[in-house]
Amino acid sequence: MGMHQQSLTAMLAQQSRVARSQLELTTQKKLITAADDPAGMAQAQRLDHAIATLDQQDKDAALLEHRLRSQEQALTDVGTQLDRARQMTIQAGNDTLNAADRTSIAAELRQIREAVLAIANRDDGTGHPLFAGSRDAVIPFTQDASGNVSYVGDDGQNRVEVAPNLKVAGTDAGSTLFLRIRTGDGTSVATAASSNTGSGVIGGSAVTDNSLWNGQSVTVSFTAADAYQLLDSAGTVMSTGSYTAGSTISGAGIQMTLSGAPAAGDRFTLGKAPNQDIFSTLDTLADALEAPATTDAQVATRRNALNRALGDISTAQDHFLLSRSQTGSRLAALDDATDVRSAYGVSLQTTLSTLRDVDPAEAASNLSLQQIALEAAQKTMLAVQSKSLFDLM
């Protein structure tokens with residue numbers, strides 16, 4: 001290869017390097033096409049995807065936080081309604097009230113029930129129900145003409161990825177929050193038989209020894225006004241005893257305090273606390289207050305219903321408080337996820353920048369040096385051309 005060709009090749013190569021440096025300085029990128037560095041470009045694309053995933057997780061976390069805060073407020077509002085229901089129940093137990101007073105209280109309890117139903121059907125402000133489980137575009141709780149409430153959502157609960165390898169549960173299903181609520185004290189509940197004819201009233205009950213009780217029903221059955229038998233779930237007599245008003249009957253791992261004057265044949269049973277929806281709890285209470293109570297037995301039925309309702313409402317309050325606490329824990333997890341995303345995002349951006357971006361000062365310095373080299377190559381080329389022309393003369 002002659003001198004002229006060598007000089008031309010060197011000058012063109014230097015021009016290419018200058019053009020490349022100018023492009024890098026303009027775009028602030030050293031990875032522009034896959035040809036520049038196939039492996040580096042593939043790694044950069046993976047980093048871009050990871051950053052895009054973080055951005056989506058940020059949006060998903062913001063939406064989830066909004067829904068969880070909406071749930072937290074809804075649970076707070078239910079708690080307020082149940083506080084009022086409990087106050088009204090205590091007030092209804094005042095013996096100085098007449099039938100009209102109790103009917104008025106029942107009406108307010110039904111309003112509370114409607115308020116709770118409205119809360120259960122809340123959405124997140126964008127038309128998406130809070131408590132329909134994994135279903136969308138449905139009103140989770142419906143009510144027929146008779147006032148019976150049905151749940152049309154499901155038991156699902158969405159889990160949202162809010163940071164790498166971190167998912168947080170979304171809002172709870174309405175079935176979990178409003179339908180499956182323990183009654184009584186959450187473990188057991190005592191009830192008076194509807195066929196009772198005396199004036200016996202359950203003042204309190206509890207399981208004192210789980211190993212003896214074992215979740216089975218235990219019945220106090222009166223054989224006379226002052227005598228009772230303690231029966232197991234099969235009706236077998238476990239013990240007998242005498243009764244005086246206000247006494248506590250114990251046995252088989254349970255205890256029950258009764259007042260009033262039970263009649264022979266009256267029965268009071270303690271069993272495992274079943275689940276009951278909050279709407280039935282309030283309906284049953286209102287029904288009891290609206291029922292006539294002119295006989296001692298009817299008055300006792302009402303008192304037993306009020307005492308039962310107090311236990312059911314208190315347990316429901318605990319249920320909603322626990323759900324609210326769990327919601328708060330999820331919100332705290334979202335706060336932690338924000339820190340995780342931020343730290344991970346900085347790491348990804350730093351790695352990507354090192355891989356793809358140029359250092360402006362370094363790039364400018366390189367361009368300056370390359371331009372000097374290009375000028376030198378051009379001078380060399382001119383000198384070679386001049387010599388060649390001289391040789392031809």
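Results, tabulated for the structure shown:
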| read-out | value |
| --- | --- |
| Filter result for A85 (closer than 15 Å to D277 by Cβ, small (G, A, S), assigned to a helix (DSSP H, G or I) and touching a helix residue (DSSP H, G or I) at 6+ places or on another chain (Cβ under 8 Å)) | yes |
| Residue under evaluation Y151, criteria (1) surrounded by 14 or more Cβ atoms within 10 Å (Cβ to Cβ); (2) within 30 Å of V340 (Cα to Cα), criterion not met | (2) |
| Options A42, A85: the member that is over 27 Å from A286 (Cβ atoms) and of a type in the set (A, V, I, L, M, F, W, C) | A42 |
| Some residue of the range 220-230 being surrounded by 17 or more Cβ atoms within 10 Å (Cβ to Cβ), of a type outside the set (D, E, K, R) and within 14 Å of T191 (Cα to Cα) | yes |
| Unique residue being at pLDDT below 95, under 39 Å from the mean Cα position of the chain (by Cα) and either buried (at least 22 other Cβ atoms within 10 Å of the Cβ) or under 27 Å from I278 (Cα atoms) (or both) when the list is G215, G184 | G215 |
| Filter result (over 12 Å from A263 (Cβ atoms), polar (S, T, N, Q) and at pLDDT 95 or above) within the range 195-212 | S205, T208 |
| Every pair of residues 6+ apart whose Cβ atoms lie under 9 Å, when the first sits in the range 236-257 and is closer than 21 Å to N304 by Cα while the second is part of a strand (DSSP E or B) and of a type in the set (F, W, Y) | Y243/F222; Y243/Y228; I249/Y228; I249/F268; M256/F268 |
| Test result for T350, among the hydroxyl-bearing types (S, T, Y), part of a loop (DSSP other than H, G, I, E, B) and either surrounded by fewer than 18 Cβ atoms within 10 Å (Cβ to Cβ) or touching a strand residue (DSSP E or B) at 6+ places or on another chain (Cβ under 8 Å) (or both) | no |
| Members of the range 48-74 found to be of a type in the set (K, R) and buried (at least 18 other Cβ atoms within 10 Å of the Cβ), listed by number | R67 |
| Failed condition for A263, given (1) in a helix (DSSP H, G or I); (2) aliphatic (A, V, I, L, M); (3) surrounded by fewer than 20 Cβ atoms within 10 Å (Cβ to Cβ) | (1) |
| Among (1) surrounded by 15 or more Cβ atoms within 10 Å (Cβ to Cβ); (2) assigned to a helix (DSSP H, G or I) - the single one Q45 does not satisfy | (1) |
| Positions within the range 266-279 being under 30 Å from H319 (Cβ atoms) and either without any contact (Cβ under 8 Å) to a residue 60 or more places away in the chain or part of a loop (DSSP other than H, G, I, E, B) (or both), in sequence order | A273, P274, D277 |
| Close pairs from the range 35-61: first acidic (D, E), partner in a helix (DSSP H, G or I) and modelled with pLDDT of 90 or more, Cβ under 7 Å, at least 6 apart | D58/R341 |
| Failed item in (1) at pLDDT below 95; (2) surrounded by 14 or more Cβ atoms within 10 Å (Cβ to Cβ), with D277 passing the rest | (1) |
| Count of the range 154-170 residues which are out of contact with any strand residue (DSSP E or B) (no Cβ under 9 Å at 6 or more places or on another chain) and crowded, with 20+ Cβ neighbours inside 10 Å | 1 |
| Residue in the range 115-128 that is within 30 Å of T295 (Cα to Cα), among the basic types (K, R) and modelled with pLDDT of 95 or more present | no |
| In the range 98-109, the residues that are in contact with an Asp or Glu (Cβ under 8 Å, 6 or more places away or on another chain) and either more than 18 Å from T294 (Cα to Cα) or among the basic types (K, R) (or both) | R102 |
| Qualifying positions in the range 270-324 - hydroxyl-bearing (S, T, Y), touching a helix residue (DSSP H, G or I) at 6+ places or on another chain (Cβ under 8 Å) and closer than 18 Å to Q111 by Cα | T281, T284 |
| Residue tally, condition more than 13 Å from R330 (Cα to Cα) and among the charged types (D, E, K, R), over the range 56-72 | 3 |
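Residue-wise test of (1) without any contact (Cβ under 8 Å) to a residue 24 or more places away in the chain; (2) within 28 Å of V160 (Cβ to Cβ); (3) of a type in the set (F, W, Y).
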position	(1), (2), (3)
Q71	no, yes, no
Q81	no, no, no
I90	no, no, no
D101	yes, no, no
S104	yes, no, no
A115	no, no, no
A118	yes, yes, no
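The values are calculated or read from the model by the stated rules, or taken from the named source; none is laboratory data. Remember, predicted model here, so these are calculated numbers, not experimental data. Here Cβ is always computed from backbone atoms with ideal geometry, including for glycine, and neighbour counts include all displayed protein chains.
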